[in-house]
Amino acid sequence: MKGLKELKQLDRDRLTALMQQELPAIRKELGLTPEALAERSGIPAARLEAAESGGESLLWNEFLTLLFLFWRNDRSRSLVERRNLFPAKLREVLSINRNQHKPTPL
């Protein structure tokens, strides 16, 4: 249960707020409309647009969905890494190693 305890100690609010702040730039750098990102992530476009505009906060599960989606592609992964959206502690708790996953197109 050590991983669960460490996961609870992560600053989820800071991470979700950071993703919310960076999401418009990441999406634009990837050339994705809110609708295209919604289709790939399963998060409704209206929800993504509300989060991007600051009207609603991202939920932790939405943060993780976007994080894992972006992590699967080399280009989007580098955007996530530069913005420190997937800190080492979170990768460790989730046992994610970037070399263990074959990149896929976004």
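A short reminder: the numbers here are calculations on the coordinates, not readings from a lab. Because the structure is predicted, anything quoted here is derived from the model rather than measured. Positions of Cβ are generated from backbone atoms using ideal geometry, with glycine treated the same way; all protein chains shown enter the neighbour counts.
Could you give the size of the charge dipole of region 2-93 about its Cα centre, using +1 on the Cβ of each K and R and -1 on the Cβ of each D and E, expressed in debye and rounded to the nearest 20?
Values: 16 positive and 14 negative charges, 89 e Å.
For region 2-93, the charge dipole is close to 420 debye.
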Practice task
Please work out how much length the chain gains when fully extended from residue 33 to residue 14, using 0.36 nm per residue of separation minus the C-alpha to C-alpha distance, in nm with one decimal.
Solution key: 4.4 nm
Practice task
Apply 1/(1 + (r/R0)^6) to the Cβ-Cβ distance of residue 94 and residue 56, taking R0 = 25 Å, and write down the FRET efficiency to the nearest 0.05.
Solution key: 0.50
Practice task
Report the full-extension gain for the segment residue 78 to residue 49: residue separation times 0.36 nm, less the Cα-Cα distance, to one decimal in nm.
Solution key: 8.1 nm
Fill in the blank from the handout: Charge dipole of region 2-93 built from unit charges on the beta carbon (Lys, Arg +1; Asp, Glu -1), centred at mean Cα; most positive-end Cα among 42, 71, 18 is 71
